[in-house]
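The values are calculated or read from the model by the stated rules, or taken from the named source; none is laboratory data. All values reported here derive from a predicted model rather than from experimental measurement. Cβ placement follows ideal geometry from the backbone for every residue including glycine, while neighbour counts extend to all protein chains displayed. Please note that ligands, DNA and RNA were not included when accessible areas were found on the heavy atoms of the full protein model with its side chains. Shrake-Rupley method; radii C 1.70, N 1.55, O 1.52, S 1.80 Å.
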Amino acid sequence: MSGNMLLLGLLGLGAILFVLQRLRVRHRSRLVVTTLFWREALEESRARTLFERFRHPLTYLLLALIGGLLWLSVARIEGERSDGLSHVFLLDASATMGVGDRFDRAVDALAEALEEAPRERTEVLLCGETVEALLVPGEDRALLRERLRDAKPAGVPASIERALVSSARVMRREGSERRRFVVVGDGSVGEAAGAMLPEGDWVERLDIGAEEVPGNLGITALGLAPAKSGDFDALDAFIEVRGPGASSADVSILLGGSPVLVSKRRATSPGVLQLVCRDLRTPSQGAGGSVSRLTVALPGAADDALPLDNYAEVLLPDLRLIRALVVPTGDPAVDSALRAACMADSAIEVVASAARADVAVGGAAPEQVGPLPSLRVSTSADQEHAIEVFEPAVTDADALLARVLGELGLDRVDGARLASELGRPLSLGSTSGGASVRSVSLWSELFDPALCSFTESRSFPLVVGRTARWLAGAPEIVPYVASGRPRPSRLADSSNGTSFPWDVSAVPTQASSPLDVESTVRAGALAQAIPLDSGRASNGGGSGPWRLTTWLLAIVLVALLVEWVLYQRGRIA
Amino acid sequence: MIQTSDTEVADTLPDLFTTEFMEAAQRLRLVAKRVAPRGRFADQRSKTKGSGLEFQDYRPYTHGDDMRAIDWTVYQRLGRVFVRLFEEHEDLPLYLVPDVSKSLWIESPPRVVAGLQAALALAAVSLGAHDSVGVFPFADDLSVLQRPTSGKGRLTSLAARMQTIQPGGTTDLRQSLRRLGGMRLREGLVVILSDFFDEGGLEAVEEAVRSVRHKVLLVQLMRPSDREPKALIGDLRLVDCETRDAQDVSISPAVIQRYQAAYDRFSEGLAALARSRQAGLLALDVEADVVPQIATLFENGRREV
């Protein structure tokens, strides 16, 4: 709280106590044997008025002291900064902070630095796998330790730079205050990010010391991809290990607890080892069962400085066969194209029975089997957009379209060419309605070989196959995660930035290059990192204003004791 | 002993007599210097010359004198007839006037307990000396609980009657003692047992006591907190339990000093009244044992009034 606010509070408190002091006393009734002598003893006969003359100045002073101390303990004395700066502290919780007690030291340094910053204009962000607000302006610093109780560095690359840019973008929209960004940790801030800051903002770094991380061996990449063999229910896994002796490192790979055969082991250099495991299937795949966990560990690196990157794991998605019912549309060319596209995809089985179908392709599904997710064909006269997507319980149409663009493979369609061939613009839209299942509807003109080349393009079977998967709710395959790159969350995302500033972009930013391990030291691209050592000591308590508050409250306690004693002795009213 | 809160009015009395209490009271003896004539024969020395054992004087024989009282030896010497006069022993009527107004029934223990115990102790002494005892409780007026009676056997019935006393109203000493005077009782000893907190103040007490034509013994029922009200702290509305008069008081050392000065003036006035009436005054601490305090009245086992 600022000094002016503190002063105003004290003055207000004094005024309130003064008014209270002047209010007529409400006496406690007490039965006595006689009032003969009290009548003589009374100093005056008081009129029944709202206010009395100011009496008991000592009582007033004691109450003012107690109230003032309580006010001070609540308000906390803050150093007033006249420069009007906002302070944004970025606490790095990336993988490199897991070295030794580096994260703890960063937290201590942050707590110390917060003492100098005005609470009303200070914000603290935790930059780990995601960016979280630890303290928003005005919040008590004592909350910091509590909120960091379970926080630990995550096995992710530094997100400081991304948080910095997003924060600057948001704050630019919110106000014109100058900002001071303070990086607490290792995360680097490139020149490009610095250039994006508004004029007047700048970045500082809080020194927390540096550790040497000699001889660290770690997993730098782990990923899945559709099997090269073409089997729809199989996946290939890619693992990369870097560090001294990586070429001969012992790598333990387990799928559902069972060892996995390494199909390809290649040392691109003495410090880089790449492994490929092919045709991974979970035991229940194809039967609609659960998924399995692929774990990678480096048993020989257990004692190195950064244990965080010695273990990685990823969940294999449940890849099921999709049963598609091709419903006649009345146009043999359309039916033929759709059937051919479905049969070309090994993950799709064309069935004749509507009861067995997962999705319907072509015309409307028979009503007796209930609503089926469907890929429908409609005329341009009946449908405004060339492609219309519907998903139940979705209110944000823009977000839906942005999300499904990659999932449906529409980003692979040469839209400009098709529009040119059709002689009219193509658009993507969403519909709303009361349906309970997903649906995608395309213009029938797109299927007419006489009008356009969509059915003859390479993107056509891809669109049909992806659409069938999306309609059936088949899981996505996140193809690749690696150190130095943000972890993708979707196949594709057409947006360069969403309205939510902390959302992790699936598209690698220009600032981060693939497999740029040197820029982030070692970072495991982990679905679930093993926990750091749990023996970190928590200082607890706090310092600075917290201790001051304790003293203030202790003085208040003493003052209350004095007041009680004086009251008991009849010295004060 | 009755236990009440400080502001609660007790409505019943405990057992006032115990064996120890009676034995202690029997050792006391109330002795009058002289009692009024026409009384019953008893242990008190009377102004009347009568047929006692102790020779006191001679006087000339007059018609109607007992022939047996003629001193024939004097006749032989002087040739005139004189009769011997002996000291007549009569009774000393004791009129117990206990205050039973409301102020004596609050606080713990209530003052009425000590007051009635003191009255019973004095009654026991008097009845033991063949004196007559009457009990006249008062509050805003006097009532008759027991007309003057004598005999040791009366003690139990007297105690039983006292046990039935109920709380009275306000204190009106003038009206009560005026009523006592109107009863035209034979001159005796009036013992007033009260806190003397009359609404009329000390003036009312003085006026009332001076109107009594009997010998007077004042027993002031007090407690230490009367002068030093330590329990009263803070801002209080003090309500008189009898008159319901309310006084708003903010307790402070200065107020306490003025209160004590007022109380001291009252106590000194009461003592001056007793001196001027040649009456006894006993400040009876109601929180202490009654008999030892009553015993201070009877130095060497006797008390002359």
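Results, tabulated for the structure shown:
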item: So A:Glu384, is it in contact (Cβ under 8 Å) with a residue 40 or more places away in the chain and not assigned by TED's automatic domain parsing to the domain that holds A:Gly230; result: yes
item: Pick from the range B:94-141, criterion charged (D, E, K, R) and open to solvent by less than 10 Å² (accessible area, probe 1.4 Å), ranking: nearest to the other protein chains (Cβ to nearest Cβ); result: B:Arg111
item: Condition met for B:Asp198 (crowded, with 17+ Cβ neighbours inside 10 Å and either over 15 Å from the mean Cα position of the chain (by Cα) or outside the structural domain of B:Leu282 (by TED's automatic domain parsing) (or both)); result: yes
item: Candidate set: the range A:214-242, residues that are buried (at least 23 other Cβ atoms within 10 Å of the Cβ) and among the small types (Gly, Ala, Ser); chosen: the one modelled with the lowest pLDDT; result: A:Ala221
item: Filter result for B:Val249 (within 9 Å of another protein chain (Cβ to nearest Cβ), at pLDDT below 90 and touching a Leu at 6+ places or on another chain (Cβ under 6 Å)); result: yes
item: Checking A:Thr268 against (1) assigned to a strand (DSSP E or B); (2) of a type in the set (S, T, N, Q); (3) surrounded by 14 or more Cβ atoms within 10 Å (Cβ to Cβ), the condition it does not meet; result: (3)
item: Close pairs from the range B:212-240: first of a type outside the set (D, E, K, R), partner assigned to a helix (DSSP H, G or I) and modelled with pLDDT under 90, Cβ under 6 Å, at least 6 apart; result: B:Leu238/A:Trp38
item: Residues located in the range A:392-447, provided they are acidic (Asp, Glu) and either in contact (Cβ under 8 Å) with a residue 24 or more places away in the chain or assigned to a helix (DSSP H, G or I) (or both); result: A:Asp398, A:Glu407, A:Asp411, A:Asp414, A:Glu421, A:Glu445
item: Counted residues, the range A:332-344 - those being in contact (Cβ under 8 Å) with a residue 24 or more places away in the chain and over 17 Å from A:Ser374 (Cα atoms); result: 2
item: Test result for A:Val394, over 26 Å from A:Glu456 (Cβ atoms), under 40 Å from the mean Cα position of the chain (by Cα), at pLDDT below 85 and open to solvent by 30 Å² or more (accessible area, probe 1.4 Å); result: yes
item: Meets criteria (modelled with pLDDT of 70 or more, touching a helix residue (DSSP H, G or I) at 6+ places or on another chain (Cβ under 7 Å), over 30 Å from B:Val239 (Cβ atoms) and not in a loop (DSSP other than H, G, I, E, B)) for A:Leu61; result: no
item: 1 or more residues aliphatic (A, V, I, L, M): qualifying helices (runs of 4 or more DSSP H) within the range B:187-305; result: B:201-210, B:253-276, B:290-295
